[in-house]
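S.K.: Got a structure here, written out as structure tokens. Questions coming.
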Amino acid sequence: MMRQSEMLVPTLREAPAEADAAGHRWLLRSGMIRQLAAGIYSYLPLGRRILLNVERIVREEMDRAGCQEVLLPIMQPAELWEESGRYTQYGPELMRLKDRHAREFALGPTHEEVVTALARDEVSSYRKLPFTLYQIGTKFRDERRPRFGLLRGREFIMKDAYSFASDWEELDRTYQAMNTAYSRILERCGLDYIRVEADAGTIGGQGETHEFMALADVGEDTIVTCKHCGYAANLEKAGYQTSGYIEKKKEAWKFQPTLRVQTPFKRMNIQERKM
């Protein structure tokens with residue numbers, strides 16, 4: 001047990017003026033994080049302990065669901081992204097660099113390309129399916145406006161999982177297993193959350209797509225929920241699906257600002273993502 005006098009816990013009487021979210025202010029004042037650059041933070045000993053506790057919960061629930069942990073490269077060859085068509089689709093948020101031989105790479109904001117290439121090379125028969133791989137690691141996105149401390153950063157820690165199956169029935173079973181695992185993770189973390197329909201965005205894929213939203217006073221997403229039928233969706237998805245229905249039934253909808261706690265899990269199989 002370490003003595004308090006030996007711990008690095010640099011508390012602050014007042015938070016910096018640019019810390020406009022309450023959570024950001026408390027993280028700074030309690031000595032859990034320090035900003036190095038816009039959207040880039042150091043986790044100090046207390047902050048790191050919290051991260052390890054959250055990671056432990058995530059690992060326990062993912063392992064319970066039958067997933068296998070891997071650790072994939074952060075620096076990814078640009079050819080993989082060009083092959084998937086997302087090298088240009090991702091736009092300026094994708095951090096790009098060249099090595100000393102002028103070969104182009106990207107710092108991974110996500111790992112669909114890498115994990116699909118891995119499965120393509122290693123899985124030669126449907127008998128090896130299904131399986132789900134996950135990792136907990138650092139991601140990079142060159143956000144235009146990093147804000148709210150850790151909520152919208154350029155370097156952050158993310159758990160991402162990828163499932164592979166031989167048919168839609170297997171994918172459905174995996175999807176439900178992930179639904180249960182994500183719900184258990186958020187409940188164990190004590191978060192008030194809701195599962196909503198969402199737009200797949202640049203990740204793509206067929207079938208349903210959902211996001212788990214933690215209800216909070218700050219955030220950049222808005223959800224709509226129906227008091228009568230229980231429908232819930234990200235506003236982007238709801239606006240696309242309803243085509244004016246929101247305006248006609250405005251009294252039945254409730255709009256809430258939210259914080260995106262986790263990237264949505266997606267359906268994916270080898271045929272969909274074959275490059």
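S.K.: How many residues does the stretch 99-117 contain that are touching a residue at least 12 places away in the same chain (Cβ under 8 Å) and not in a strand (DSSP E or B)? Walk me through it before giving the result.
M.R.: If we filter the stretch 99-117 for residues that are touching a residue at least 12 places away in the same chain (Cβ under 8 Å), which is where we start, we get 103-117.
Still in the running and not in a strand (DSSP E or B): 103, 108-117.
Number satisfying all stated conditions: 11.
S.K.: Given the stretch 130-206, what strands (runs of 3 or more DSSP E) lie entirely inside it while holding 1 or more residues that are over 21 Å from Ala216 (Cβ atoms), open to solvent by less than 50 Å² (accessible area, probe 1.4 Å) and of a type outside the set (D, E, K, R)? First the steps, then the outcome.
M.R.: Values: elements: 131-140, 155-164, 193-197.
Hits in the stretch 130-206: 131-140, 155-164.
S.K.: Considering Arg96, Arg120, which residue is open to solvent by 20 Å² or more (accessible area, probe 1.4 Å), outside any strand (DSSP E or B) and charged (D, E, K, R)?
M.R.: Values: Arg96 fails: outside any strand (DSSP E or B).
On inspection, the qualifying residue turns out to be Arg120.
S.K.: On to the next question. Within the stretch 1-24, can you find the residues that are free of Cβ contacts under 8 Å to residues at least 40 places away in the same chain, open to solvent by 90 Å² or more (accessible area, probe 1.4 Å) and within 21 Å of Arg145 (Cα to Cα)?
M.R.: Scanning the stretch 1-24 gives Ala17, Glu18.
S.K.: Is it true that some residue in the stretch 31-52 is touching a Lys or Arg at 6+ places or on another chain (Cβ under 8 Å), assigned to a helix (DSSP H, G or I) and open to solvent by 30 Å² or more (accessible area, probe 1.4 Å)?
M.R.: no
S.K.: Now a separate question. Taking the stretch 130-150 only, how many residues are touching an Asp or Glu at 6+ places or on another chain (Cβ under 6 Å) and among the charged types (D, E, K, R)?
M.R.: Counting residues in the stretch 130-150 that are touching an Asp or Glu at 6+ places or on another chain (Cβ under 6 Å) and among the charged types (D, E, K, R) gives 2.
S.K.: Within the stretch 59-92, can you find the residues that are over 18 Å from Gly137 (Cβ atoms), of a type outside the set (Val, Ile, Thr) and open to solvent by 70 Å² or more (accessible area, probe 1.4 Å)?
M.R.: Across the stretch 59-92, the qualifying residues are Arg64, Glu79, Glu82, Glu83, Gln89, Pro92.
S.K.: Name the pairs: first residue in the stretch 170-199 and farther than 15 Å from His210 by Cα, second residue acidic (Asp, Glu), Cβ to Cβ under 8 Å, at least 6 apart or on different chains?
M.R.: Taking only residues 6 or more apart or on different chains, the pairs are Arg184/Glu61; Ile185/Glu61; Arg188/Glu61.
S.K.: Provide a single number: the residues in the stretch 41-51 that are more than 17 Å from the chain's Cα centre (by Cα) and within 30 Å of Ser163 (Cα to Cα). If you could, list the steps in order and put the result at the bottom.
M.R.: Step one: filter the stretch 41-51 for residues more than 17 Å from the chain's Cα centre (by Cα), giving 41-50.
Narrowing the set further to residues that are within 30 Å of Ser163 (Cα to Cα) leaves 48-50.
So the answer is 3.
S.K.: Still on this model: List pairs: first residue in the stretch 56-81 and in contact (Cβ under 8 Å) with a residue 24 or more places away in the chain, second residue part of a loop (DSSP other than H, G, I, E, B) and open to solvent by less than 20 Å² (accessible area, probe 1.4 Å) anywhere in the structure, Cβ distance under 6 angstrom, at least six positions apart or on different chains.
M.R.: As it stands, the answer is Leu72/His111; Ile74/Gly108; Gln76/Gly108, since those pairs meet every condition given.
S.K.: Identify, from the list Ala165, Ala181, Ala161, Ala177, the residue that is among the aliphatic types (A, V, I, L, M), closer than 15 Å to Cys67 by Cβ and in contact with a Cys (Cβ under 7 Å, 6 or more places away or on another chain). Spell out how you get there, then give the answer.
M.R.: On the way: Ala165 fails: in contact with a Cys (Cβ under 7 Å, 6 or more places away or on another chain); Ala181 fails: in contact with a Cys (Cβ under 7 Å, 6 or more places away or on another chain); Ala177 fails: in contact with a Cys (Cβ under 7 Å, 6 or more places away or on another chain).
Criteria check complete, one pass: Ala161.
The values are calculated or read from the model by the stated rules, or taken from the named source; none is laboratory data. Since this is a predicted model, take the numbers as computed values, not measurements. Backbone-built Cβ (ideal geometry, glycine too); neighbour counts: all protein chains shown. Just so you know, the surface numbers come from the protein's heavy atoms only, side chains and all, with ligands and any DNA or RNA stripped out. Shrake-Rupley method; radii C 1.70, N 1.55, O 1.52, S 1.80 Å.
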